[in-house]
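Remarks on the structure that follows.
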């Protein structure tokens, strides 16, 4: 199911939502620009030993066990070309094993390691990854920002991103697979919308057999189904290699559902919670 738009209009221009979308797209375009540049020759001889000593699996972007280049004439180091886009990801995406181990393996980031908790939230691994995330942020972010105010919404967004990251880290604390993407933070935004505007309708593109149909689905069902899908995908992927951080989505959603209470504007009701307390789901 692909959401097209919702039926709820925001009262104010969503300045933070738009700014977040612009920043994410600019970072992705910069990653694409780096990918077009000449690869950089890196010395990996010390890194190989560092990974062995820490008993960590080599990162998937570059495997120092098998991809070591030839020793250059007159030099005692191994050098290997690596794309500048991959270097950017290895520096600024979050690597759980590095963060928890307190060791920034080369290529190092020119900032404290904890900064990757933030930078990783603004990076993406592909065109569909970034466009899908930005579509969801555009559809649901404006109303949540309206219900919280710009400053509170920005803080809420970043906190949900942190919660999502730590949920994924808890699953694999020694992993050297880089974590990147805004999905966890946006999952928190979806949860806030789920709690605040369950009666809103989401115009959705739904595949039915060989045809696509536009169907208006209540937000409580659309977003509830989305969350259930993340839980099912996450639990079935346990112990398997997956390119999707399902538990980051789950952690971000749970964080958003809880943080919506202190971050909403005064007087803005958490409608779904009110419905649950009254024991009814009708108008």
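No lab work stands behind these numbers, since they all come straight from the coordinates. These numbers were taken from a predicted model, which means no experiment stands behind them. No Cβ is skipped: glycine too gets one built from the backbone with ideal geometry, and neighbour counts run over all protein chains shown.
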Query raised in the report: R0 = 41 Å: FRET efficiency of residue 214 with residue 277, Cβ-based, nearest 0.05?
Result: 0.75
Query raised in the report: What's the FRET efficiency of residue 170 with residue 229 using the Cβ-Cβ distance as r and R₀ = 25 Å, to the nearest 0.05?
Result: 0.75
Query raised in the report: So what's the Cα pair-distance distribution over the stretch 178-283, bin width 10 Å, in %?
Result: 14, 37, 34, 14, 2
Query raised in the report: Order of 38, 145 from fewest to most other C-beta atoms within 10 Å?
Result: 38, 145
Query raised in the report: Which peptide among 229-236, 183-190 comes first, and what is the full order, when sorted by highest mean count of other Cβ atoms within 10 Å?
Result: 183-190, 229-236
